[in-house]
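> Encoded as structure tokens, here's the structure I'll be asking about.
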Amino acid sequence: MNTLKFKSNINCTGCLSKVTPFLEKEESIEKWEVDLENPNKLLTIEGSRVSEEKVISILSKVGFDAQPIR
């Protein structure tokens with residue numbers, strides 16, 4: 001399983017409500033969470049086939065940014 005981490009601009013529960021249906025619908029994502037207390041609004045994605053490009057594309061469609069943290 002891959003674990004990907006991103007700096008995001010998902011900064012409130014309203015933002016979470018917007019991204020949740022899109023992240024839940026993506027079959028390659030098995031688990032995800034956003035640490036709203038972290039200054040980088042750390043988005044952690046887990047999945048065996050998930051890619052950084054896919055996550056960035058999903059969030060972009062909903063109006064959010066994600067920058068991979070390596």
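The values are calculated or read from the model by the stated rules, or taken from the named source; none is laboratory data. These numbers come from a predicted model, not from an experiment. We place every Cβ from the backbone using ideal geometry, glycine too, and count neighbours over all the protein chains shown. For accessibility, only protein heavy atoms count, side chains too; no ligands or nucleic acids. Shrake-Rupley method; radii C 1.70, N 1.55, O 1.52, S 1.80 Å.
> Can you list residue pairs whose Cβ atoms sit under 8 Å apart, with the first residue in segment 7-23 being of a type in the set (S, T, Y) and the second being surrounded by 15 or more Cβ atoms within 10 Å (Cβ to Cβ)? Count only pairs 6 or more apart in sequence or on different chains.
Once the first residue is of a type in the set (S, T, Y) and sits in segment 7-23, its partners that are surrounded by 15 or more Cβ atoms within 10 Å (Cβ to Cβ) give S8/V34; S8/K41; S8/L42; S8/L43; S8/L59; S8/F64; S8/A66.
> Same structure again: If I ask for residues that are assigned to a loop (DSSP other than H, G, I, E, B), under 12 Å from N2 (Cβ atoms) and either of a type in the set (G, A, S) or open to solvent by less than 70 Å² (accessible area, probe 1.4 Å) (or both), which ones from segment 13-70 would you list?
Hits for segment 13-70 are S28, I29, S48, V50, S51.
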